[in-house]
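Colleague: One structure, pasted below without further comment.
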Amino acid sequence: ATVTDAAPLNAKIRLANATETPLSLLLAGDPLTGGTNILFGTSTACSSVNAATPGLTVIPVGSTTPLAGFAPVLEVGKSYTVVAYPNGTVAQFATLSNAFTPATGEAGLRVFNATTGATGYDVYVTAAGAPLGTPTVPNALSGVGSAIVSVPAGSSQIRVTAAGNTTVLVDLAAQTLTAGKTATLIIAPPATGQTAPRAFLVGGC
């Protein structure tokens, strides 16, 4: 028998949940490692799947019916962050490639605005307690992944404001960004009864 290494045919994928519904990520009907009961603000582990025929589905916890609209297009050898985010009462999905080479000793950062609102957001990555200065990622619009930019590796403070405004809406202190890796900052809708957006950071594969 001939043993074939599947790795050259694979891509890596991670699912991040920006909806209020707990989700599970399945491969051929079976949960992937770390892919069960993914709550808001969390993500699965990175999984290696066949790029051409990944065989992936996403289901709400407690259901056996796959969610419509989840059909990521993958390329061999690349890694992806897939964001589940709300569209009214249903979930929609954005597949974001992590292909980026940060400057030497730095990390990559992309912003995805999952709020589905009309407001754009400015994102600032600074040393702890530093002035905001110029936005690291300006005017991140709903449903769109920003360009990936190089940012300092290590511990940083990440703050979010409405575009063109300096009032901080989200303040994420002591976020660790890994040199040579790309992370995605997801800006999510407010919690029920609140008005300020939420945000969380997802590491790349």
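The values are calculated or read from the model by the stated rules, or taken from the named source; none is laboratory data. This one's a predicted model, so the numbers in the text were calculated from it and none came from an experiment. Neighbour counts are summed over all protein chains in view; Cβ atoms, including those assigned to glycine, are modelled from backbone coordinates with ideal geometry. For accessibility, only protein heavy atoms count, side chains too; no ligands or nucleic acids. Shrake-Rupley method; radii C 1.70, N 1.55, O 1.52, S 1.80 Å.
Colleague: Which value, in Å² rounded to 10, gives the accessible area of GLU106 with a 1.4 Å probe and all protein chains present?
Modeller: It works out to around 60 Å².
Colleague: Here's a follow-up. Ignoring ligands and nucleic acids, what accessible area does THR53 show with a 1.4 Å probe (Å², nearest 10)?
Modeller: Its heavy atoms expose roughly 100 Å² to the probe.
Colleague: Which whole-Hz couplings ³J(HN,Hα) result when phi for each residue of the range 35-42 is put into the Karplus expression 6.51 cos²θ - 1.76 cosθ + 1.60, θ = phi - 60°, listed in order with x for Gly and Pro?
Modeller: In residue order, the calculated couplings are x, 9, 6, 7, 8, 3, x, 10 Hz.
Colleague: Using modelled backbone amide H atoms (1.01 Å from N, in-plane), which distant-in-sequence or interchain residues come within less than 5 Å of LYS181's amide H?
Modeller: The list, which skips near neighbours in sequence, is GLY108.
Colleague: Only Cα pairs under 8 Å and at least 6 apart count here; give the relative contact order of the range 108-205 as a rounded whole percent. Spell out each step's value before the answer.
Modeller: Numbers: 245 pairs, mean separation 29.8, N = 98.
Reported relative contact order: 30 percent.
Colleague: Please list, ordered by chain and number, the residues whose modelled amide H lies under 5 Å from the amide H of THR116; skip anything fewer than 5 residues away on the same chain.
Modeller: GLY143
Colleague: Provide the convex hull volume over Cα atoms per residue for the range 62-106, in Å³. Don't jump to the answer; show the numbers that get you there.
Modeller: Working: hull volume 5.9 nm³, N = 45.
About 132 Å³ per residue, rounded to a whole number.
Colleague: Moving on. Under a point-charge model restricted to the Cβ atoms of Lys and Arg (+1) and Asp and Glu (-1), what is the dipole moment magnitude of the chain relative to its Cα centre, in debye to the nearest 20?
Modeller: Numbers: 7 positive and 7 negative charges, 21 e Å.
So the magnitude is around 100 debye.
Colleague: Determine the order of SER48, SER156, SER150 by accessible area, beginning with the largest, at a probe radius of 1.4 Å.
Modeller: Final ranking, largest accessible area leading: SER48, SER150, SER156.
Colleague: When all protein chains stay in place, what accessible area (Å², nearest 10, 1.4 Å probe) is found for THR104?
Modeller: My reading of the accessible area for THR104 is about 140 Å².
Colleague: Moving on. Between PRO54, PRO135, PRO190, where does the largest GNM mean-square fluctuation fall for the chain, given springs only between Cα atoms within less than 10 Å?
Modeller: Judging by the Gaussian network model, the answer is PRO190.
Colleague: Let me ask something else about it. What is the projected area of the convex hull of the Cα atoms of the range 49-205, averaged over all directions, in nm²? All intermediate terms of the calculation are to be shown ahead of the outcome.
Modeller: Working: hull surface 41.3 nm².
Dividing the Cα hull surface by four gives the mean projection, 10.3 nm².
Colleague: Here is a further query. Along the range 16-28, what does the Karplus equation 6.51 cos²θ - 1.76 cosθ + 1.60 (θ = phi - 60°) give for ³J(HN,Hα), rounded to whole Hz, x for Gly and Pro?
Modeller: 10, 10, 10, 9, 8, 8, x, 10, 10, 9, 10, 10, 6
Colleague: Taking H as built 1.01 Å from N, whose amide H comes closer than 5 Å to the amide H of ASN10, not counting residues under 5 places away?
Modeller: Under 5 Å from the amide H of ASN10 lie the amide H atoms of ALA51, GLY77, each far enough along the sequence or on another chain.
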